[in-house]
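S.K.: Below: one structure in structure tokens.
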Amino acid sequence: MHLLKMHLLKPFPDELLGSMLVRAVRDLGLPNARVMTMLFGGRGTMPVLMTREHGIAHAFGMSLKELLFGHTLLPYAVSFMSADMREQALRRLLADVSGGSSPAALAQSSTRFAPFLQFCQGCILVDTAQYGAAYWHRVHQLPGVAICLRHDKPLLVSDLRVSQPRRMVLPNEVVSSREMPVLVSKRIGTRIARFSYRALAGKLPNREWKVYYRERAAELGFGYDPKMLAGGLIAADLRAFYGGQFLGSLGLDFDPLGRAQRWPTKIIRNGDRSFSPLRHVLFNVFLEGVVAASKPVPDLFSRPHRPYDWASREDEVLRRLEELRAECEAVGGRVRLRDLSERLGTRNSLWGLQKHMPRLVAWMKDFRASELSWHKTGGRPKKRRHVRKSSTG
Ligand SMILES: [Zn+2]
């Protein structure tokens, strides 16, 4: 008997591949291993998350592509790939040969952090009433998602490992389960769930994620230009947004000061290459949820107009004036400040420089009062009777 000729149960909406097979095996009344042998034509364990077996899809009356897009996490796994990469991955996956991209690798990329099957108590009740059976939903297996959006309730984690399909039962038969710990705010948790659902449904905008991330980060004040972003600040703000505990529970925490570990910095540099969808989801929810960069980006990312260094210039002017004064003293006689100004050889006169150079003002005052000055302030004993209070030299 070949399953291609058999009429397996019609899958329920959003039903996970493994759940379809558990129900099919029961419906056939045959041992699990026997059914799998018929499906694979050899020995194989029952796939839960992913398969490359066209025979399974045909037994359910659909193409492998339909099966993968409707009943596995595949659409989520490829949702952040560029169109080229996605096409290539799908071509390899759907090819009727072994080798190339293994389904396990694609499945792992999306489920690495959800090793146990998860379910919603509310869905068990609704599904049983509506379909006569409870079943495993895809949306409940999304990594980082801790609630059921349909019921707005925390998910339960079963003790059934996705890697141990022989033990698999339906969610209403699970003996031991625990509620998922709440490690982020309700608001953020809901946003993660919504975004992940959209990714699974293939409803994310078709965009070049790296470009979008950079533009959005610049808008939020993480840089003056999408080409020059403060990666360290982005990483630190993302960590503050989610908290280390939540990120740690997903295996995605990092030291915000450790350059090598900061995946948010890398995701804006490398974009769609080799990042798990979960990282993209977290990065998107962060960019949508954060109001602005937590602090202004330091000037090192731009080339601001640097103020003129008047103090150094003043040092230079005073040094030259002292030289000229020494020369004049050596020669003897008196000198006008106007002469000194000319000999200084600057574009600005000494009076033009005064407003920027308080020490020059003091020097000029001191000079006017000196014996060297042509117009000595305070008058010269026995030579002048009138005191000139505000000589300009
Ligand atoms: Zn539910």
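The values are calculated or read from the model by the stated rules, or taken from the named source; none is laboratory data. Not measured: the values here are computed from a predicted model. All Cβ positions, glycine included, derive from the backbone under ideal geometry; neighbour counts span all protein chains shown.
S.K.: Name the residues in the range 321-335 that are in a loop (DSSP other than H, G, I, E, B) and charged (D, E, K, R), would you?
M.R.: 334 - this is the single residue of the range 321-335 that is in a loop (DSSP other than H, G, I, E, B) and charged (D, E, K, R).
S.K.: Shifting gears a bit: Select from the range 241-256 the residues that are under 19 Å from residue 217 (Cα atoms) and outside any helix (DSSP H, G or I) and list them in ascending order.
M.R.: Once the filter is applied, which keeps residues that are under 19 Å from residue 217 (Cα atoms) and outside any helix (DSSP H, G or I), the range 241-256 yields only 256.
S.K.: What pairs come up if the first residue lies in the range 150-164 and is in the same structural domain as residue 50 (by TED's automatic domain parsing), the second is assigned to a loop (DSSP other than H, G, I, E, B) and near the ligand (Cβ under 10 Å from one of its atoms), and their beta carbons are under 8 Å apart, counting only those six or more places apart or on different chains?
M.R.: Between residues of the range 150-164 that are in the same structural domain as residue 50 (by TED's automatic domain parsing) and residues that are assigned to a loop (DSSP other than H, G, I, E, B) and near the ligand (Cβ under 10 Å from one of its atoms), the close pairs are 150/120; 151/120; 153/120; 155/120; 156/120.
S.K.: Considering every residue within the range 169-177, establish whether at least one is away from the ligand (no atom under 16 Å from the Cβ), out of contact with any Leu (no Cβ under 9 Å at 6 or more places or on another chain), over 28 Å from residue 247 (Cβ atoms) and without any contact (Cβ under 8 Å) to a residue 60 or more places away in the chain.
M.R.: yes
S.K.: OK, next. Within the range 190-208, track down each residue that is without any contact (Cβ under 8 Å) to a residue 12 or more places away in the chain and either part of a loop (DSSP other than H, G, I, E, B) or within 20 Å of residue 249 (Cα to Cα) (or both).
M.R.: Scanning the range 190-208 gives 203, 205, 207.
S.K.: Follow-up question, since we're still on this one. With respect to the numbered conditions (1) closer than 20 Å to residue 199 by Cα; (2) surrounded by 16 or more Cβ atoms within 10 Å (Cβ to Cβ), which one is the sole condition not fulfilled by residue 58?
M.R.: Tallying (1) closer than 20 Å to residue 199 by Cα; (2) surrounded by 16 or more Cβ atoms within 10 Å (Cβ to Cβ), residue 58 fails exactly one: (1).
S.K.: Right, another one. Going by the structure shown, is residue 214 surrounded by 20 or more Cβ atoms within 10 Å (Cβ to Cβ) and charged (D, E, K, R)?
M.R.: yes
S.K.: How many of the residues making up the range 112-168 are outside any helix (DSSP H, G or I), hydrophobic (A, V, I, L, M, F, W, C) and near the ligand (Cβ under 9 Å from one of its atoms)?
M.R.: Within the range 112-168, residues that are outside any helix (DSSP H, G or I), hydrophobic (A, V, I, L, M, F, W, C) and near the ligand (Cβ under 9 Å from one of its atoms) number 6.
S.K.: Okay, next question. Is it true that residue 187 is outside the structural domain of residue 131 (by TED's automatic domain parsing), in a helix (DSSP H, G or I) and loosely packed, with under 12 Cβ neighbours inside 10 Å?
M.R.: yes
S.K.: Ok, one more. Can you tell me which residue within the range 28-62, out of those that are among the polar types (S, T, N, Q) and part of a helix (DSSP H, G or I), is nearest to residue 165 (Cα to Cα)?
M.R.: Applying the filter and picking the extreme gives 32.
S.K.: Could you please find all residues in the range 63-80 being surrounded by 18 or more Cβ atoms within 10 Å (Cβ to Cβ) and in a loop (DSSP other than H, G, I, E, B)?
M.R.: 72, 73, 78, 79, 80
S.K.: Still on this structure, please answer the following. Determine, yes or no, whether residue 220 is within 15 Å of the chain's Cα centre (by Cα), within 15 Å of residue 283 (Cα to Cα) and in contact (Cβ under 8 Å) with a residue 60 or more places away in the chain.
M.R.: yes
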